[in-house]
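Student: My structure is below; once you've seen it, I'll send some questions.
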Amino acid sequence: MRYLSTRAASSNTTGRKRFCEILLEGLAPDGGLYLPESYPQVDGATLAKWRGLSYADLAFEVLSLYIDDIPCADLKAICHKTYTPEVFGTEAIVPLRQLEPGLYLEALSNGPTLAFKDMAMQLLGNLFEYELARRGEELNILGATSGDTGSAAEYAMRGKKGVRVFMTSPKGRMSPFQQAQMFSLQDANIHNIAIAGVFDDCQDIVKAVSNDLEFKRKYRIGTVNSINWARLMAQVVYYFAGYFQATRSNTEQVSFAVPSGNFGNVCAGHVARMMGLPVRKLVVATNENDVLDEFFRTGMYRVRASADTHETSSPSMDISKASNFERFVFDLLGRDGAKVKNLFHDQLNDHAFFDLKDDAAFASAGVRYGFASGKSTHADRLDTLRDTFKRFDTMIDTHTADGVKVARAYMEAGVPMIVLETALPIKFAATIEEALGRMPDRPAKFEGIEALPKRVRELPADAVAIKRYIAENVH
C-alpha cells in the first residue's frame, strides 16, 4: 500500500510513501493530504468473516488493509493494547443504543477524555510510540483543537517516550470542562498554547509550520489532527462496528448522521463506503457555522473569516475551514491533484471560496457518494436535548443533538439511521443545564477538575511566535 498527496499529479509516482512514513509526517510536503492510492475493497464474504469479531480484532482486520510495513503480530498487539474494556468501559467498545424505531446512537465517548476523538487518538499514541522506538527517534507534535482533539491527544501522548505535544487552542472558546481537561495536565511533554483567535487561526498556524519544510525537518514536527491519515483510518473501524450491530445480514444498508466541523469524522465514513460498506447516506450535520452544509446544498465552498465564525453551544464545530474536505473533493474530481491544488491553494487563497455547482461531478455527488446535509441552531439544540431526555430518558451532548436533529430529516423506512455520538454531556454542562434545568452526571475521576492548577501559555495568532516557542522547549 502506497500513499499519495491530494495535490500530486496523477502521473507522478515517485513521491508515494508507505504508511509509517506518513504516520510521522502529517501534511504532505506540497501542502496536500495523504490518501491511499486506492481503497481496499471489502466484499460480502469479508463482511461475513468480520461480523462478530471483537472490536480490537476488527480494528486489526481494517488497519492491516492499509498498513503493510508493521509486522502483523505487532499491529495486532497494538490494536489489542488500545481497544480494551478497561480503557473504553465496555466489551463492545462502541455499543449501539436504539433511541426509537430506526434511529440509533453509537457510543463513541467512553474513552479517557469522554469524546469520540479518543477512538483514534489512543491508537495513534501507541503507533507513534512503537514507530519512534523502532527508529530511535523523537517527534514533536503540533496540533490545533476546537475542544476535544487537544485533550484526547494529550491523554494519549502523556508519558509516551520520544513524544512532545504542542497543542494550540482558541483562547476562551472551549467549554470550562474542556479547558480544564487540557490545562490541568502537568506532564513535562505536554505544552498547551492558548491562541488569541478562533480555531481556524490555530489550524492555519499548524499548516504554516508544517509547510516550513526546513523547520519541520529540523524539529521533527508531526501532527495528530485529522489531517494525519492514521487518525482518520482508525475512525473507519467504528463505521463497520456500527453497521454490524445495526444489521443482521450483509445485504442490508444503513445511514450515518455525523456532527461535523472539520470533515474528519464523516470523511472516515466516506472511506468506509468507498471500501464497500453498505452505507446508503452519510448525513453531514453542522451548527451555525454551516460551510459544509452550504457546499452540499449549493456547490459553493466558502470559508469564513475569524470575525464571521460564530461562537456556538456546540463549540467543537465552530470551524469555517474544513481541513479534511480536500480528501473528499480529491475523490469527487476523479483524483485530479492539479485541479485540487488550484481549488484549495490558489482559489481559496485568492478568493476564499470556490464553486463547483456547474461541475458534472458535483451534480452526481449525492448519488455517487451518498452525502446529504443539514444544519442545527442553538434553539434546535435545546429542543432536541429536551425531547431526547423527555421521551427516551437519554441525555446527549450538544453536538450529538445537532446530529439527531439533522438525522430525522433523512430517515427512511427499513434503513437504520446511526447517529455518531460526539462526547458525553458533562463537557458542555452549561447548555445542558439551560435545556434541562439540571447538571449532567460527572464521572468521579473528573470531580473538581476546573479548580486544578492550570499550565498554559498565551500567544498571538502568529506562526513565527509558535515556532519560537517550540524551538525554546525542544531539548
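Readers should treat all values here as calculations from the given coordinates under stated rules, not as data from a laboratory. Just so it is clear, the structure is predicted and the values come from calculations on it, not from any experiment. All Cβ positions, even for glycine, are placed from backbone atoms using ideal geometry, and neighbour counts span all protein chains on display.
Student: If you line up the Cα atoms of the stretch 108-199 on their principal axes, what length do they span on each, largest first, in Å?
Tutor: On the principal axes, the stretch 108-199 reaches 39, 28, 21 Å in Cα extent.
Student: Next up: In terms of the Cα gyration tensor, with a ≥ b ≥ c the square roots of its eigenvalues, is the stretch 246-352 rounded because a/c is under 1.5, prolate because a/b exceeds b/c, or oblate?
Tutor: oblate
Student: Name the shape class, rounded, prolate or oblate, that the alpha-carbon gyration tensor gives for the stretch 320-475, where a ≥ b ≥ c are the square roots of its eigenvalues, rounded holds for a/c under 1.5, and otherwise prolate holds if a/b is larger than b/c and oblate otherwise.
Tutor: Judged from the Cα gyration tensor, the stretch 320-475 comes out oblate (a/c at least 1.5, b/c at or above a/b).
Student: What distance in nm separates the simple spin-label points at GLU412 and ARG386, each placed 7 Å from Cα in the Cβ direction?
Tutor: That separation, rounded to one decimal, is 3.3 nm.
Student: Taking a spot 7 Å from the Cα of GLU138 along the direction of its beta carbon, which residues of the stretch 153-177 have an amide N less than 15 Å from it?
Tutor: 159-166
Student: If you don't mind, another one. To the nearest 20 debye, what charge dipole does the stretch 358-434 have about its Cα centre, counting +1 at the Cβ of each Lys and Arg and -1 at the Cβ of each Asp and Glu?
Tutor: 120
Student: On to the next question. For a quick check of your reading of the filter: which trypsin sites (Lys or Arg not before Pro) in the stretch 393-475 sit in a DSSP loop and have no more than 11 other Cβ atoms within 10 Å?
Tutor: Counting only loop positions with at most 11 other Cβ atoms within 10 Å, the trypsin sites (Lys or Arg not before Pro) in the stretch 393-475 are ARG438.
Student: Another question about this same structure. Would you work out which of CYS202, TYR301, GLY366 lies farthest towards the positive end of the dipole of the chain? Charges go on Cβ: Lys and Arg +1, Asp and Glu -1.
Tutor: Farthest along the dipole direction, towards plus: CYS202.
Student: Now, a different point. Among THR84, THR168, TYR410, whose Cα sits farthest toward the positive end of the charge dipole of the chain (+1 at Cβ of Lys/Arg, -1 at Cβ of Asp/Glu, about the Cα centre)?
Tutor: Value computed over the given set: THR84.
Student: For the stretch 220-264, which trypsin sites (Lys or Arg not before Pro) are in a loop by DSSP, counting at most 10 other Cβ atoms within 10 Å?
Tutor: Passing sites in the stretch 220-264 are ARG248.
Student: Taking 30 Å as R0, compute the FRET efficiency from the Cβ-Cβ separation of GLN186 and LYS161 and round it to 0.05.
Tutor: 0.95
Student: Also, quick follow-up: What is the diffusion coefficient of the chain in µm²/s, taking the Kirkwood radius over Cα pairs and the Stokes-Einstein relation at 25 °C with a viscosity of 0.890 mPa s?
Tutor: My calculation gives 110 µm²/s for D.
Student: Sketch the reach of a paramagnetic label on GLU252 as a point 7 Å from Cα along Cα-to-Cβ, and name the residues of the stretch 83-107 whose backbone nitrogen lies under 15 Å away.
Tutor: Residues 96-106 qualify, since their backbone N sits under 15 Å from the label point.
Student: Place a point 7 Å from Cα of ARG51 in the direction of its Cβ. Which residues in the stretch 247-273 have their backbone N less than 17 Å from it?
Tutor: 247-255
Student: If the only charges are +1 at each Lys and Arg Cβ and -1 at each Asp and Glu Cβ, what is the size of the charge dipole of the chain around the Cα centre, to the nearest 20 debye?
Tutor: 660
Student: Take the alpha-carbon centre of the stretch 384-402, take the same for the stretch 142-221, and report the distance between them in whole Å.
Tutor: 30
Student: If you take the square roots of the eigenvalues of the alpha-carbon gyration tensor of the stretch 34-86 and sort them as a ≥ b ≥ c, do you get rounded (a/c under 1.5), prolate (a/b over b/c) or oblate?
Tutor: Because a/c hits 1.5 or more and a/b fails to exceed b/c, the stretch 34-86 counts as oblate.
Student: With +1 assigned to the C-beta of every Lys and Arg and -1 to the C-beta of every Asp and Glu, and no other charges, what is the dipole magnitude of the stretch 290-392 about the Cα centre in debye, to the nearest 20?
Tutor: 360
Student: Add -39500 (n - 2.57) for each DSSP H run of 4 or more in the chain, then divide by its residues: what number comes out at 222 nm, to the nearest 500 deg cm²/dmol?
Tutor: After summing the helix terms and dividing by the residues of the chain, the value is -12000 deg cm²/dmol.
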